[in-house]
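First up is the structure itself, then whatever we jot down about it.
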Amino acid sequence: MRITATKDLNSAISSELVIAPVFEDFIPEMTMSALGEKEIPKMATRAGFKGKMKQTVFIEANGRTFLLTGVGKRASYNIEALRRCYAESYSKLKGTGTQTLSILLPGVLDGEAFEAVYILRVSHYYFDTFQREKTTFPDLIIQVVTEKGQDVIDVALKVGEATNYTRDVANMPPSRGTPSLFEKMAREIPGIEVTALGREDFIKLGMGGLEGVSRAATEPGKLVIMEYGPKEQKPLLLVGKGITFDSGGISIKPSEAMDEMKFDKCGASAVLGIIKLASDLKIKKHIVGVMPLTENLPGGNAYKPGDILRHYNGKTSEILSTDAEGRLVLADAISYGVEEFDPYAVVDFATLTGACVIALGNNIAGLMGTDEKLISEIKGAASKTWEKVWELPIDQDFMDQIKSDVADIKNTGGRPGGAETAGAFLRHFVGEKPWVHLDIAGVAWTQSKTVKTPYLPNGATGFGVRLIYQYLTEN
Ligand code: BES
Ligand code: MN
Ligand code: ZN
């Protein structure tokens, strides 16, 4: 795939196929000049095309083929409508044999060129590593008609590639997507410093959470630290939950849908993808990524309900369920990252609670935090990407709900407010640092029975990569 930006509409429409947006109540200037004012309504009406959201139709005009793409009513148009409508039209390219393609834009919103290219990249994702028959997509030569420069296109492609890279590692089967695979992939990213702590190392450092959860694991647990960028700046600290398979441990999960617990490493996958992107784009920021990685399995030597673990910052937790393991490993990773790197802000990603899925569904991540400024920056960035967030509270009552009789805190506060008490638990490990916690349990992979979003494939979504890219460009 080769994509170039061009300002020249005439040369662009010499492509074999031209994607041209049409509103229900308005024809964008580019579409108008490409097709001629009178022609579109005539031809489109004949084909029953009204410009409704995600409606598409192929028409022949001036000896060329156009793919008219409905983008709905002008008043309700926004960047999400562009994402969904363009993803829909890209899906129509398969099997057309097209080799040269031009993309015209509505020309209504800033950021359309970036988004159209990013969505092109992420809507053509296939996890076919383990399939004999590979899904191929035509190797297209593409022109995007825009006033923006080539740099915008190139960056959009890289952000899309990093999103797909995150999907690749997150989709790995649990016996392949191991802590060692994460370490190996981290070491392949150019221009970063990687430290991998093994079991002996993290025990020595006092990481009782990671020690307990990884005790019955067969794949060796690890804490992998990646450092990118200028060290004279205070870093942004990113922490990602990396449970490469969550069986629940002794508090074992029911077997139905347990296969989906290979996705319990999506937080770490996002952090790995963001660091990869920072390296690809040579982003001029200091970023540290920390990934606590282990499988959570039962066994005669497994940690048990009733156990008490001591975390890196000295606080102890009473284990009521070995299935509330994510917060235990994050506790060590966050407090280590905070102490070791003195970050200006901390953002963690975790497929942390089923409760968050029940509360917010499969298209919105739960956001919790301590710092109004950082919270509004992350919310602001999310509002420009497809990665929606919604704030949940961590108030004193939730802090009280996890007080323990025998340790400092307990690892579950029962079912009520399950996402918030998990957030309250993590709060004990961030100290005074501005911090945002993103519970991505509902959004990190597409789960069965939910409404399909056209640019999201089955399996891992890559949630978080585009979001943090946006945050980094704005702050
Ligand atoms: N990884 C799960 C959370 C999860 C469950 C994500 C389903 C996506 C779908 C996490 O480790 C977990 O098991 N959480 C428990 C916590 C409970 C025991 C307090 C949960 O949510 O049930
Ligand atoms: Mn669990
Ligand atoms: Zn888990």
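The values are calculated or read from the model by the stated rules, or taken from the named source; none is laboratory data. Here the structure is a predicted model, which means the values were calculated and not measured. Neighbour counts are summed over all protein chains in view; Cβ atoms, including those assigned to glycine, are modelled from backbone coordinates with ideal geometry. Accessible surface areas use protein heavy atoms only, side chains included; no ligands, DNA or RNA. Shrake-Rupley method; radii C 1.70, N 1.55, O 1.52, S 1.80 Å.
Miscellaneous remarks
- 27 Å tail of the calculated P(r), the stretch 2-145, as % of Cα pairs: 17 percent
- Additional length obtainable on full extension of the chain from LYS379 to SER175, 0.36 nm per residue less Cα span: 69.9 nm
- A 1.4 Å probe run over the stretch 2-145, with the rest of the protein chains in place, finds 47 Å² accessible per residue.
- In order through the stretch 86-102: 3J(HN,Hα) via Karplus (6.51 cos²θ - 1.76 cosθ + 1.60), integer Hz, x for Gly, Pro: 5, 4, 4, 6, 4, 5, 7, 6, 4, x, 7, x, 5, 10, 10, 9, 10
- Taking the Cα centre of the chain as reference, the dipole from Cβ charges on Lys and Arg (+1) and Asp and Glu (-1) amounts to some 1220 debye.
- Charge-dipole axis of the chain as Lys and Arg at +1 and Asp and Glu at -1 on Cβ define it, positive-most pick from ASN164, CYS266, ALA424: ASN164
- Accessible solvent surface per residue of the stretch 369-461, calculated while the other protein chains remain in place, 1.4 angstrom probe, Å²: 45 Å²
- Full extension of the chain between GLU339 and GLU193 yields a length gain of 50.8 nm, computed as 0.36 nm times the residue separation minus the alpha carbon distance.
- In sequence order, the stretch 173-189 has phi-based couplings of x, x, 8, 10, x, 9, x, 5, 5, 4, 4, 4, 5, 4, 5, 7, 7 Hz under the Karplus curve 6.51 cos²θ - 1.76 cosθ + 1.60, θ = phi - 60°, and Gly or Pro positions carry x.
- Between the stretch 2-22 and the stretch 346-361, the C-alpha centres lie 41 angstrom from each other.
- Note on SER33/ASP139: beta-carbon distance plugged into 1/(1 + (r/R0)^6) with R0 of 22 Å gives a FRET efficiency of 0.15.
- Computed from the Cβ-Cβ distance with R0 of 41 Å, the FRET efficiency linking VAL406 to GLU432 stands at 0.90.
- Each Lys and Arg Cβ is given +1 and each Asp and Glu Cβ -1; about its Cα centre, the stretch 28-95 then shows a dipole of about 260 debye.
- Based on the convex hull around the alpha carbon atoms, the stretch 160-474 presents an average projected area of 14.3 nm².
- Cα-based equivalent ellipsoid, the stretch 296-341: semi-axes from gyration tensor eigenvalues, Å: 22, 11, 8
- For the stretch 64-77, Karplus couplings with θ = phi - 60° (6.51, -1.76, 1.60), whole Hz, Gly/Pro x: 10, 9, 10, 10, 6, 10, x, 10, x, 7, 4, 5, 9, 5
- Counted over the stretch 82-169 with a bin width of 5 Å, the fraction of Cα pairs per bin, in whole percents, is 3, 13, 22, 25, 20, 10, 4, 2, 0.
- Gyration tensor verdict on the stretch 254-401 (Cα atoms; rounded if a/c is under 1.5, prolate if a/b is larger than b/c, oblate otherwise): rounded
- When a 1.4 Å probe is rolled over the protein heavy atoms, the share of accessible surface on the stretch 160-474 that falls to carbon and sulfur comes to 51 percent.
- Cα-projected label distance for LYS184 with LYS42, points at 7 Å along beta-carbon direction, nm: 6.2 nm
- Over the stretch 401-475, the hull volume per residue, using the convex hull of the C-alpha atoms, is 137 Å³.
- Over all other residues within a Cβ to Cβ distance under 9 Å of MET368, the charged ones net out to -2, with Lys and Arg as +1 and Asp and Glu as -1.
- Net +/- balance of residues flanking ASP128 in space, Cβ distance below 15 Å, scoring K and R +1, D and E -1: +3
- Ligands, DNA and RNA left out, the accessible area of the stretch 2-145 computed with a 1.4 Å probe is 48% carbon and sulfur.
- Amide H partners (placed H, <5 Å) of VAL239, local residues excluded: VAL290, VAL347, ASP348, PHE349
- The calculated FRET efficiency for LYS304 paired with THR473, based on their beta-carbon distance and R0 = 30 Å, is about 0.05.
- Think of the stretch 2-145 as a dipole: +1 on every Lys or Arg Cβ, -1 on every Asp or Glu Cβ, centred on the Cα centre; then among TYR118, ASN10, VAL71, VAL71 lies furthest on the positive end.
- Centroid-to-centroid separation of the stretch 177-223 and the stretch 397-475 [C-alpha atoms, Å]: 21 Å
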